[in-house]
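Contents: one structure, followed by commentary.
The values are calculated or read from the model by the stated rules, or taken from the named source; none is laboratory data. These numbers come from a predicted model, not from an experiment. Here the Cβ positions follow ideal geometry from the backbone for every residue, glycine too, while neighbour counts run over all protein chains shown.
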Amino acid sequence: MPILDQYGNPIPREPPKSIRGSLALEAPYRAYPARGLTPERLARILRLADEGDLAPQAELFEEMEERDALLFSLLQTRKLAVIGLDWRLEPAEEGREARRVLRAVEEVWWNLPLEDLMLDLLSALAQGVSVVAVSWEWDGLMWRPKAFRWVHPGSLVYREAEDRFLLASPEQPEGVPFPYGGAVEHRYKARSGLPTRAGLMRSVAWLYLFKHYALKDWMVFAEVYGQPYRIGRYDPAAGEEERRRLEEAVRRLGADAAGVISKDTEIEILEAAKGQGPEVYERLIRLANREMAQAVLGQTLTSSEGEGGSYALAKVHDQVRLDLLRADARALAKTLREGLLKPFVAFNFGPERLDLTPYPVPEVEEEKDLESRARVLQTLQAMGLRLPEAWLREEFGVPPLGEGQAALERRRRGLVAGQAFVDRLGDRALEAPMPGLPALLRAIEEAADYEDLRRRLLALYPEIPFGELAELLDAALTLSELAGRLAQRQDSGLDR
């Protein structure tokens, strides 16, 4: 019994002939809907997309990203955050066959243009869907992806009954389905509902419209009120030629700041009236920018233009962006496994081994406050907790020392160095060649209590060389005193 895909079609054991070799996709006709965009026209474009006709909406969203620098920057931030992650492949299960499939997939995976492929797929953030066509080739051992080509969303038709995107063409405007393995389809699901309404551009389309209305009005205001009025006065008796020359001089005065007029005429320059016009436009544009940033990045602080914000608020906003990054990366990983790796396994190992398809795993790590963590670990160690060195090196990213490698050592403070000297001095004193000293030390070590020690010392009294012992103790005390003074001098910084 054949294994079926999500649409009920049998999964083939090799790529269909239509997706072997080169890719031939027709680019949709460009209508540039952003030109002269009005509220009525925008509403009509969005309504057509709801009905399955994506071409006008896709072209509009593409132009919006191209024309609005802030919108382009915000979307790039979302995309590059995912592309910049490190990725790894994990086996579907522990087993010999799963490892064999993993090795084959890894050989192909690391030779793919992953960054370009991910960038194309992540255009779904704006559009709601992104499709990348795939062609396959036989290298003599296995089927490999040969080429990838982004399919313009304007070439897609959405069939709601099957929850499926089809490829439209002039010959088949109703659309035809992509063959199995012929395309990688990535959807961005910001909310429940139709995928044609899920893109971020749906949320910012009206903001874009009003923002650019304000920007256009601001340009008109600057053109009209940015320069002073120039009024030419002529004598009622002046002739037609004289009035024409005066008008020409007034017009040229704005650009050339120079002109020639007769003695009986004059030019008066009036300052433009000062009002709240520019501030109104600027506030409206700032509001639109903040709302766009909120929709795309989930916050406004890291994209605001010099506006204040506390450190704590910035940390909260970074956490929000981390949540978005995790969601984007996991969704993309699922798409790559379903749309690219599973067809690879089906074509090379058979559809019955689809469950062995490896998992692409993005490594999303939260930035650690290593300084605070080091203080906590230092406190725990002072309380008696034993910390494994290998774990500490991994936690703080410190590689182990190789054989013969030079290592930086902490410069000891005077107090620490002095105490270390005294400790070594005690060991040296105990090793001094003095008759009777070993027996004295052995008596101290073996004594059960003070009374026992007293009896042992009285028994050894005749054999102890008190003169030599006194000299040894005196030398040790003198050296300890000198070590303490040197430590104090070092800590005070007198030798720097």
Open item on the list: Step by step: first the residues of segment 89-144, then only those that are over 24 Å from Pro179 (Cβ atoms) and of a type in the set (Gly, Ala, Ser), then the one that is surrounded by the fewest Cβ atoms within 10 Å (Cβ to Cβ). Which residue is that?
Closed with: Gly95
TODO: Could you please let me know if Leu74 is touching a Phe, Trp or Tyr at 6+ places or on another chain (Cβ under 9 Å) and either under 19 Å from Ala295 (Cβ atoms) or not assigned by TED's automatic domain parsing to the domain that holds Asp120 (or both)?
DONE: no
Task: Residue list for segment 35-47, restricted to those being part of a helix (DSSP H, G or I) and in contact with a Leu (Cβ under 8 Å, 6 or more places away or on another chain) - done: Pro39, Leu42, Ile45
Task: Residue tally, condition free of Cβ contacts under 8 Å to residues at least 24 places away in the same chain and exposed (fewer than 12 other Cβ atoms within 10 Å of the Cβ), over segment 460-472 - done: 5
TODO: Look through Val398, Val416, Val422 and report the one residue that is more than 30 Å from Glu371 (Cα to Cα), β-branched (Val, Ile, Thr) and either modelled with pLDDT under 75 or not in a helix (DSSP H, G or I) (or both).
DONE: Val422
TODO: Determine which member of the set Leu75, Leu122 is touching a residue at least 40 places away in the same chain (Cβ under 8 Å) and under 30 Å from Phe347 (Cα atoms).
DONE: Leu122
